[in-house]
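Here the structure is laid out as structure tokens; the discussion comes afterwards.
The values are calculated or read from the model by the stated rules, or taken from the named source; none is laboratory data. Remember, it's a predicted structure, so these values are computed and weren't measured experimentally. With ideal geometry, Cβ positions are generated from the backbone for all residues, glycine too; neighbour counts draw on all protein chains shown.
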Amino acid sequence: MIEAELKVRVRDPEGVVRLLEQRAAGRSETYRDTYYDTPEGTLAREDRELRLRTITGADGTRSVLTYKEPRVDDASGSKPEYETGVDNPEAVHAALSGLGYVTAIAFEKHCHNYDFEAHGRRVLATLVRVPELDGTFLEVEALARDGELDTALTDVRAVLGELGFTDQDVTAELYTEALAARRAR
């Protein structure tokens with residue numbers, strides 16, 4: 001599956017929350033993300049990602065291992081991705097370290113997620129705050145099969161439009177790159 005996702009900076013988080021709550025009840029979760037790479041940075045150079053995410057919310061804690069292939073759409077940054085649940089994140093970290101991977105970057109995201117249906121597909125809208133970065137972001141995503149990325153992105157853009165955003169609001173800024181730049185200062 002391909003994650004068809006667009007991200008915008010949010011100037012009025014309360015207004016966006018009101019609009020999202022008309023569609024679905026939200027849930028607050030904290031994501032602790034660890035991105036792995038080779039010591040030489042091979043995955044980043046090849047536009048691939050290997051991430052272990054631990055999600056904590058009202059329903060408990062769960063972890064997911066994700067591998068993302070190189071982007072298939074430069075404008076959105078959409079990538080094919082593969083995920084699997086992880087029962088023991090410490091064992092996964094040990095296995096990845098034993099295979100020669102190193103932590104490229106780790107950080108925390110405070111998320112408020114809204115799952116709903118729009119334009120005939122399941123959509124996840126997530127308000128995101130990364131404590132180390134300024135501002136609030138909104139990520140809107142839908143999963144797409146091969147050959148339907150353009151349609152999925154059209155649907156995601158429509159949802160953003162219904163929330164008051166335009167294509168000019170879309171940012172390709174990556175949290176990992178922004179954090180790495182900030183930490184390098």
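Identify, from the list E40, E46, E29, the residue that is at pLDDT 95 or above, in contact with a Cys (Cβ under 8 Å, 6 or more places away or on another chain) and farther than 19 Å from L153 by Cα. I'd like the intermediate steps shown before the answer.
Values: E40 fails: in contact with a Cys (Cβ under 8 Å, 6 or more places away or on another chain); E46 fails: in contact with a Cys (Cβ under 8 Å, 6 or more places away or on another chain).
So the residue among E40, E46, E29 that is at pLDDT 95 or above, in contact with a Cys (Cβ under 8 Å, 6 or more places away or on another chain) and farther than 19 Å from L153 by Cα is E29.
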Can you find a residue in the range 142-165 that is within 16 Å of the chain's Cα centre (by Cα), closer than 26 Å to A58 by Cα, surrounded by 12 or more Cβ atoms within 10 Å (Cβ to Cβ) and of a type outside the set (K, R)?
yes
I'm trying to understand the selection: among the residues of the range 70-122, which are at pLDDT below 95, out of contact with any strand residue (DSSP E or B) (no Cβ under 7 Å at 6 or more places or on another chain) and aliphatic (A, V, I, L, M)?
A75
D134 fails exactly one of (1) farther than 19 Å from K79 by Cβ; (2) part of a strand (DSSP E or B), namely (2)
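Right, T54: touching a helix residue (DSSP H, G or I) at 6+ places or on another chain (Cβ under 6 Å) and of a type in the set (S, T, Y) or not? If you could, list the steps in order and put the result at the bottom.
On the way: touching a helix residue (DSSP H, G or I) at 6+ places or on another chain (Cβ under 6 Å): yes; of a type in the set (S, T, Y): yes.
Yes; evaluated as a whole, the condition is true for this residue.
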All positions within the range 119-135 that are on the phi < 0 side of the Ramachandran plot, free of Cβ contacts under 8 Å to residues at least 40 places away in the same chain and surrounded by fewer than 19 Cβ atoms within 10 Å (Cβ to Cβ):
R121, R122, L124, R129, P131, D134
E177: passes all of (1) under 21 Å from L43 (Cβ atoms); (2) in contact (Cβ under 8 Å) with a residue 24 or more places away in the chain but (2)
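What residue, among those in the range 137-168 that are of a type in the set (D, E) and assigned to a loop (DSSP other than H, G, I, E, B), is nearest to D12 (Cα to Cα)? Break it down stepwise before answering.
Restricting attention to the range 137-168, the residues satisfying the condition of being of a type in the set (D, E) are 139, 141, 146, 148, 150, 155, 162, 167.
Going one step further and asking which of them are assigned to a loop (DSSP other than H, G, I, E, B), we end up with 146, 148.
Details: D146: 35, E148: 32 Å.
Filtering the range 137-168 for residues that are of a type in the set (D, E) and assigned to a loop (DSSP other than H, G, I, E, B), the one nearest to D12 (Cα to Cα) comes out as E148.
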